[in-house]
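The values are calculated or read from the model by the stated rules, or taken from the named source; none is laboratory data. Not measured: the values here are computed from a predicted model. Reconstructed Cβ throughout: ideal geometry from the backbone, glycine too, with neighbour counts over all protein chains shown. The area values use the complete protein model at the heavy-atom level, side chains included, leaving out ligands, DNA and RNA. Shrake-Rupley method; radii C 1.70, N 1.55, O 1.52, S 1.80 Å.
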Amino acid sequence: MISTVKKIAAVSVFAVCQGAFCALSIADFGAKDGLFNVDVDANTAAIGKAVDSCASNLLGEVIVPKGLWLTGPIHLKSNVHLRLDDGAFLIFEDDPKKYLPVVKTSWEGVECMNYSPLVYAYGCTNVGIVGKGTLAPKMAKWRDWFVGGEIHKRIRAEVFAQMMRGEEIEKRVLAERGGYFRPHLIQFNRCRNVVLKDFRIRESPFWTIHLLRCDGVNISKLDSRALGHNSDGINLEKTKNVVVRDCKLHQGDDGVVIKAGRNRDGWDGDSLSCNIDIKGVKLIEGHGLLVLGSELSGGIENVTMRNSLQIGASFALFSLKTNPRRGGHVKNILMENCFSHTVRDIVSVRTDSSAYPYPVDELRRTQIDGITIRNCSVGKTSSICSVKGDKSCPVANLRLERVTAGVALTNEVDSSLCPNFSSVDVRVNKVDPVEAQWSWDVPKPWYAIYDMPAYLPDAAALENIGEVGDFRLSFDFKATSPDAALSLRSSHSVKLAGLVGATAFSKPLYDAYDPSKEFQHIEVIVHRGAISVAVNGYEVICNEIVGGGFPSKGALAVKGAQISNVVLELILGQKY
């Protein structure tokens, strides 16, 4: 059976059912490959039909073949795995209305009704995503929503109050209220036997991979790059019996995060996160390698991270966050054989963490007992161990064994609020207050490129292709008429025709134009409304505006020119 499945996944042309197992290609249900002139709603419906058909056969895979597939949300069902073939890209539209109607989801520990996650499963068994393809959402709209503002804070506080009053989830609505509550990329909610394996992620609107109230999860060999706001990597909340292996994460927030619900949403006796085994994680960039909280009201137990690596600057190798309202407990945590280049703190425990000044309805302090950090080292740190504890509920049994820092501000460890604190062979090779000074100085990219194959069937595809999001376009051109010009997402355009010395070019483009070449090479980057144009490797401004005759704003077109060697890539804007 395994060899048959691999053969089907490689061909991805026919819908094949053998016995109880089904392997169905989305193309056989009407999904269309391509970036241009594609009906996104029709593609979304086609994928939904493939999922329904696969689920009716009791067991199987919905196959996304090699190619670029524009879609809206994908809702999986029991006994269905979404298989992404090598070279397959699921490109999710960033129109919020396509993620309605609202579904039961969550926002930072509060269960609520919000936009559908881009890939979503609720109450499913034997479900997952596998294969070597890529999930690649468009980000222009979600990027604009990174900063929620005062409306966001107000609505968030209102839903928090509803949660504290015990109102049902269906009444806690976030979407369509102007508060910019972005959806998760992947959320499996109340699912059992979940598999996430081999695929790639390129950006995420919000938390990247979120397992909520799941039991039995296997996550392995993922490659995630999501540098946006709140883009936690692997987020395990109220989830039990999890294995994480050999994942590469590059996140704009925490790497691997364990949570257990916020306040009353975690006090139901059924919100524990426990039995979590993590090994072989490589965090390229992120706020922390292993982070617990701050939403941990249901309790966190039995978490182990081993043989993992963090590259670059970060806040902490291990971080635990809570506050006096959370309640819950943390016990039996082990981090072993882990390394980081640069951190503010090797170990950070904060019991006063809160980003928003919510009303204090009642105080419930978090019982923290049993954290061991063993055989771990960092290149540079400001602090070996920073504990901001609560005198009325101190951190108990925190133990450091064979922890080493190359350079640190001090070799002292403050354990005054840690009863039964112990340390064995904790060493600082060099104490240097200047060299060890920590700063959060990690450059953020102006844009991040989808490393997808170039896709543009022919030169004619440039005509009337409509909105494609942020992109990088390159091609060779030869003017065939005096009015040859390139339109870039607006009614304005850059004139391409003319000879050296002619008034058609201003000075920068004059310098870039190579009269010895029959074809000139153009590269265009459009990002967040800004446009960069390079001619023959020489960057110029869009310096000459010509008249109308082009499609409306949001379009891309070339006229009056012979073009060849066209390469178009979607890119993801990211500016701080």
Review point. Over the stretch 41-94, what percent of the accessible surface lies on carbon and sulfur atoms, probe 1.4 Å?
Key: 52
Study note, to complete from the structure: Per the 1/(1 + (r/R0)^6) rule, R0 = 41 Å and r from the Cβ atoms of Arg402 and Ser353, FRET efficiency to 0.05 is 0.90
Check your understanding: Going down the list Lys138/Lys321; Lys77/Lys138; Lys32/Lys138; Lys98/Lys478, which pairs span over 29 Å between their C-alpha atoms?
Key -> Lys138/Lys321; Lys98/Lys478
Check your understanding: Measuring with a 1.4 Å probe in the full set of protein chains, what accessible area per residue, in whole Å², belongs to the stretch 203-356?
Key -> 25
Review point. Toward the positive end of the charge dipole of the stretch 169-259, about the Cα centre and with charges on Cβ (Lys, Arg +1; Asp, Glu -1), which of Phe181, Gly216, Val243 goes farthest?
Key: Gly216
Revision key, fill the gap. By the mean-Cβ-within-10 Å protection proxy, highest first, 133-146, 153-166 rank as 133-146, 153-166
**Study point:** Over 27 Å [Cα-Cα, the stretch 45-196], rounded percent
**Key:** 27
Practice item. Can you bin the stretch 112-187 into rounded, prolate or oblate? Criterion: square roots of the alpha carbon gyration tensor eigenvalues sorted a ≥ b ≥ c, rounded for a/c under 1.5, prolate for a/b above b/c, oblate for the rest. Key: oblate
Exercise for review: Mind putting together the pair-distance distribution for the stretch 126-274? All Cα pairs, 5 Å bins, whole percent per bin, short to long.
Suggested key: 2, 9, 17, 20, 21, 15, 11, 5, 0
Study note, to complete from the structure: Full extension between Gln437 and Thr480 adds, at 0.36 nm per residue less the Cα distance, a length in nm of 9.5 nm
Exercise for review: Keeping every protein chain in place, order Phe315, Phe36, Phe206 by accessible area at 1.4 Å, biggest value first, i.e. largest first.
Suggested key: Phe315, Phe36, Phe206
Review point. By its C-alpha gyration tensor, with a ≥ b ≥ c as the square roots of the eigenvalues, how is the stretch 303-357 shaped: rounded for a/c under 1.5, else prolate for a/b larger than b/c, else oblate?
Key: oblate
Practice item. Determine ³J(HN,Hα), in whole Hz, for all residues of the stretch 47-64 in sequence, where each value follows from phi through the Karplus function 6.51 cos²θ - 1.76 cosθ + 1.60 and θ = phi - 60°; x replaces Gly and Pro. Key: 5, x, 5, 5, 4, 4, 5, 5, 5, 5, 8, 6, 7, x, 10, 9, 9, 9
Check your understanding: In percent, how large is the relative contact order of the stretch 153-292, given Cα pairs closer than 8 Å and 6 or more residues apart?
Key -> 19
**Study point:** Derived scalar couplings ³J(HN,Hα) [the stretch 144-157; Karplus, 6.51 cos²θ - 1.76 cosθ + 1.60; whole Hz; x for Gly, Pro]
**Key:** 5, 8, 4, 9, x, x, 5, 4, 4, 5, 5, 5, 4, 5
Practice item. Please list 473-483, 270-280 highest first by mean number of surrounding beta-carbon atoms within 10 Å per residue. Key: 270-280, 473-483
Study note, to complete from the structure: Everything considered on the Cα gyration tensor (a ≥ b ≥ c; rounded for a/c under 1.5, else prolate if a/b is larger than b/c, else oblate), the stretch 84-149 must be described as oblate
Revision key, fill the gap. Rounded to the nearest 10 Å², the accessible area of Val173 using a 1.4 Å probe with every protein chain kept is 50
Review point. Between Lys388 and Ala534, what is the FRET efficiency for a Förster distance of 51 Å, r being their Cβ-Cβ separation, to the nearest 0.05?
Key: 0.55
Practice item. Please turn the phi angles of the stretch 124-129 into ³J(HN,Hα) values with the Karplus equation 6.51 cos²θ - 1.76 cosθ + 1.60 (θ = phi - 60°), one per residue in order, whole Hz, x for glycine and proline. Key: 9, 10, 6, 9, x, 10
Point to revise | the stretch 315-412 - Debye-derived log10 I(q)/I(0), Cα point model, q = 0.15, 0.16 Å⁻¹ | key: -0.62, -0.69
Exercise for review: Give the carbon-plus-sulfur fraction of the accessible surface of the stretch 235-376 in %, rounded to a whole number; probe 1.4 Å, heavy atoms of protein chains only.
Suggested key: 44
Exercise for review: Using R₀ = 22 Å, calculate the FRET efficiency as 1/(1 + (r/R₀)^6) where r is the Cβ-Cβ separation of Asp270 and Asn420; round to 0.05.
Suggested key: 0.15
